[in-house]
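Shown next, in structure tokens, is the structure this report addresses.
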Amino acid sequence: MSLIEVRSLEKSYGDGGETSTLALKGISLDVSEGEFVAIMGPSGSGKSTLLHILGFLDRHTKGSYKFNGKTIDEFTDEEMARVRNREMGFVFQAFNLLPRVSVLENVKLPLMYSGIPEKQWNKLASDAIESVGLSHRLNHLASQLSGGEKQRAAIARALVMNPKVIFADEPTGNLDSKSGQIVMKIIRDLNEVHKHTIVLITHETYTAEHAKVIIRLKDGEIESNKKVVDRHKSDEYSK
Amino acid sequence: MTIKHSLKTAVEGLRTHKSRSLLTILGIVIGITSIILIISVGDGAQNLILGQIQGLGSKTIAVIPGREPKGPTDIAQTLTTTLKEKDLAALLKKENAPTIKEIMPLVFSSGTASYGAETYSLTILGVSEKAFSIFNLDVAEGNPFTEDDIKSQSDGIVIGSKVKTELFGASDAVGQKIKIKGKNFRVIGVLPLKGQVSFFNFDEIALVPYTTAQQYILGIKYFNRFIVEADSDETVSRTVSDIKSTLRESHGITDPEKDDFFVQTSADIAKTLGNITSILTLLLTSIAAISLLVGGIGIMNIMLVAVTERTREIGLRKALGATGRDILTQFLLEAVILTGLGGLIGIILGASFSFGVSIILSKVLGLNWMFVFPVSAAIIGLSVSALVGLVFGIYPARQASQKSPIEALRYE
């Protein structure tokens, strides 16, 4: 069974009349557990919209989306929030850390909404921070970190609930190439070592080639869905 | 999310915007400050008045000629001639009013006293020798009246301390002669400095035998008041009804509606004056309460701005698993903490101002003024300000909770 099963998915904005725009025009795809999928496409191709729907941040207008065997329509907004909290992790292009609190507090944020007893928070959060190699920055304010460090803190935050799938939206978009490579290595390790399912959005072919599958979108439709033949080796981080 | 962490998150949110938070609650601070100040000063005024009436003694009863005023616009003829010598005699009979301990007729007049070239305008009270026990008075110099002074229409006069200094300065007054309405009076005593006690400022007063006052100053045969003291607190109401029936008999009145006198106890006066100060306090408090409303609207505005400004944060929290309810709670708590804090600051400020007022009134103006911290008003003030946060925070908080995570994350 696929973790993510999408059939003829459509998303329109507006009232459905002539002025409404169709951002996704019948997308079908499957992502099985342990998969590493990159979604590529020029801006306006609908890749962010797709990611938002897959990540329970938005609802589609037509078609069907099953996550972990359940269709999204069965979930209330509250239940969607719970799934986002427990089963999904998010990494954003703009990091979206709370600037005025420490790395530790930032990583603890999903735990606060989880129902996990507070006693375990420190351990879970510092373990996650250690796994992205940021233990030395534990008590620094998020605003004091470099771009690469910010994104690593954000990855730690995405990891802390040990989710089934991690959605990464242009995670290297705001980074220099060296930081970007470090971040991509961490994401790749999450998939290969820790067996997390990864859905990555990028417009850079090089970044996408870390994935096992690349799906190309154009004008809200899937243009191609191919296995990566010439995948970067996991220890190859410079061109 | 547990309430503990909702609280923590809310406090964190406020701490990151310290100066704005403080400015936001200014309206609430001012509102609560004025309410606490008004109520505290009002309570102080009430205590002052009640204290003065109690200074008169809770067993004291005044019999006043004329019809009892029915309301503030009913100008009663309080200076009528209905209290006569025969009424006094009737009241003095033990079988008519056995619970009367002391009774004193009273006449009063204003006049000018002169000593050499010095003159002073003062109130002249015609009293009996019982005035000293009834009004709790003593003499600082000289002697009080005796029964003989009253019987003989003596020319003895006891003057207040301010009258003494105005007329005599530092020199001795006792034994000197002063002139009132063309008649010479011999100063036999001087009252100690007392300040305002009950309704008379005894510092600016002169006491003469009522017989002398009736004959030589006023030229009247009637009395302005009877001051009666009941033998105990329990017998006050019985004494009042005894006085009424005795006087009705003496005046030949059968219908109580046609009474040409009325009786007032200290408790009556205290109640009336207490009502007046309560109404004034209530009025001023309601005006001050309007500022709470304005403060609440101010908070709503700022919260709406804050919600827009923090759209990204809201989106992020939602993406990480916060439910609409979590966000609602967070912003609502922020509003309630803000206004609660404003209320607390207001209570402290209001109490401090009121304390300042009490110092000015007691030290500078010499009033017997006590600072009162209005505990119940403080509790109500704190609850009301928290309520203001709840009421005016709910709309912005709902706006925040209904933001879609996508819209929120996209917001720049």
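Figures for the structure shown
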quantity: Per-region count, region B:306-327, residues under 20 Å from B:Ala386 (Cα atoms) and surrounded by fewer than 20 Cβ atoms within 10 Å (Cβ to Cβ); calculated: 1
quantity: Residues that are open to solvent by 50 Å² or more (accessible area, probe 1.4 Å) and in contact with a helix residue (DSSP H, G or I) (Cβ under 9 Å, 6 or more places away or on another chain), drawn from region A:73-85; calculated: A:Asp77, A:Glu78
quantity: Residue match in region A:194-204 (condition: outside any loop (DSSP other than H, G, I, E, B), of a type in the set (A, V, I, L, M) and free of Cβ contacts under 8 Å to residues at least 60 places away in the same chain); calculated: no
quantity: Residue match in region B:177-195 (condition: closer than 30 Å to B:Gln46 by Cβ, over 27 Å from the mean Cα position of the chain (by Cα), modelled with pLDDT of 90 or more and not polar (S, T, N, Q)); calculated: no
quantity: Residues located in region A:151-195, provided they are within 13 Å of chain B (Cβ to nearest Cβ) and of a type in the set (D, E, K, R); calculated: A:Arg157, A:Asp169, A:Glu170
quantity: Residue in region B:264-272 that is within 14 Å of chain A (Cβ to nearest Cβ), open to solvent by 50 Å² or more (accessible area, probe 1.4 Å) and assigned to a helix (DSSP H, G or I) present; calculated: no
quantity: Of residues in region A:22-54 being among the β-branched types (Val, Ile, Thr) and within 19 Å of B:Ile406 (Cα to Cα), the one most open to solvent (accessible area, probe 1.4 Å); calculated: A:Thr49
quantity: Within region B:13-28, considering residues that are surrounded by fewer than 16 Cβ atoms within 10 Å (Cβ to Cβ) and over 30 Å from B:Ile287 (Cα atoms), the one farthest from the other protein chains (Cβ to nearest Cβ); calculated: B:Arg15
quantity: Members of region B:360-374 that are part of a helix (DSSP H, G or I) and either at pLDDT 90 or above or among the small types (Gly, Ala, Ser) (or both); calculated: B:Ser362
quantity: Pair list, Cβ < 6 Å and 6+ apart or interchain, from region B:341-369 residues that are over 19 Å from B:Ala288 (Cβ atoms) to residues that are hydroxyl-bearing (Ser, Thr, Tyr) and surrounded by fewer than 19 Cβ atoms within 10 Å (Cβ to Cβ); calculated: B:Trp369/B:Ser358; B:Trp369/B:Ser362
quantity: Selection status of B:Ala97, in a loop (DSSP other than H, G, I, E, B) and open to solvent by 60 Å² or more (accessible area, probe 1.4 Å); calculated: no
quantity: Top-ranked residue in region A:109-147 [being open to solvent by less than 30 Å² (accessible area, probe 1.4 Å) and touching a strand residue (DSSP E or B) at 6+ places or on another chain (Cβ under 9 Å); ranked as nearest to A:Ala38 (Cα to Cα)]; calculated: A:Pro110
quantity: Qualifying residue in region B:188-201 (condition: among the hydroxyl-bearing types (Ser, Thr, Tyr) and open to solvent by 20 Å² or more (accessible area, probe 1.4 Å)); calculated: no
quantity: Residue list for region A:55-72, restricted to those being touching a residue at least 60 places away in the same chain (Cβ under 8 Å), buried (at least 19 other Cβ atoms within 10 Å of the Cβ) and not aromatic (Phe, Trp, Tyr); calculated: A:Gly55
quantity: Tally, over region A:72-99, of residues that are at the interface with chain B (Cβ under 8 Å from one of its Cβ atoms) and assigned to a helix (DSSP H, G or I); calculated: 7
quantity: Pairs, first more than 11 Å from every other protein chain (Cβ to nearest Cβ) in region A:112-125, second basic (Lys, Arg), C-beta under 6 Å, six or more apart; calculated: A:Ala125/A:Lys108
quantity: Whichever residue in region B:359-412 is more than 14 Å from chain A (Cβ to nearest Cβ) and aromatic (Phe, Trp, Tyr) and, among such residues, is most open to solvent (accessible area, probe 1.4 Å); calculated: B:Tyr395
quantity: Candidates A:Ile72, A:Ile53, filtered to the one that is of a type in the set (Val, Ile, Thr) and touching a His at 6+ places or on another chain (Cβ under 6 Å); calculated: A:Ile53
quantity: Count of residues meeting criterion [of a type outside the set (Phe, Trp, Tyr) and open to solvent by 70 Å² or more (accessible area, probe 1.4 Å)] in region B:337-358; calculated: 3
quantity: Within region A:1-26, considering residues that are of a type in the set (Gly, Ala, Ser) and in contact with a Phe, Trp or Tyr (Cβ under 8 Å, 6 or more places away or on another chain), the one farthest from A:Val199 (Cα to Cα); calculated: A:Ser20
quantity: Hits in region B:100-145 (condition: open to solvent by 70 Å² or more (accessible area, probe 1.4 Å) and assigned to a loop (DSSP other than H, G, I, E, B)); calculated: B:Gly116, B:Ala117, B:Asn136, B:Asp138, B:Asn143
quantity: Test: A:Ser28 is over 18 Å from the mean Cα position of the chain (by Cα), modelled with pLDDT under 90, closer than 28 Å to A:Thr202 by Cα and away from chain B (no Cβ under 14 Å); calculated: no
quantity: Failed criterion for A:Gly63 (all others in (1) farther than 30 Å from A:Ser146 by Cβ; (2) within 13 Å of chain B (Cβ to nearest Cβ); (3) modelled with pLDDT of 90 or more hold); calculated: (2)
quantity: Yes/no for A:Thr19 being open to solvent by 10 Å² or more (accessible area, probe 1.4 Å) and at pLDDT below 90; calculated: yes
quantity: Answer residue from region B:294-340, given it is without any contact (Cβ under 8 Å) to a residue 40 or more places away in the chain and away from chain A (no Cβ under 14 Å) and is farthest from the chain's Cα centre (by Cα) among those; calculated: B:Thr308
quantity: Subset tally (residues that are touching a strand residue (DSSP E or B) at 6+ places or on another chain (Cβ under 8 Å) and among the polar types (S, T, N, Q)) for region B:153-178; calculated: 4
quantity: Total residues in region B:29-47, condition open to solvent by 30 Å² or more (accessible area, probe 1.4 Å) and closer than 28 Å to B:Asp268 by Cα; calculated: 7
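The values are calculated or read from the model by the stated rules, or taken from the named source; none is laboratory data. This structure is a prediction, so every number in the text was calculated from the model and none was measured. Glycine gets a Cβ as well: all are built from the backbone with ideal geometry, and neighbour counts include every protein chain shown. Note: areas computed on protein heavy atoms with side chains; ligands, DNA, RNA excluded. Shrake-Rupley method; radii C 1.70, N 1.55, O 1.52, S 1.80 Å.
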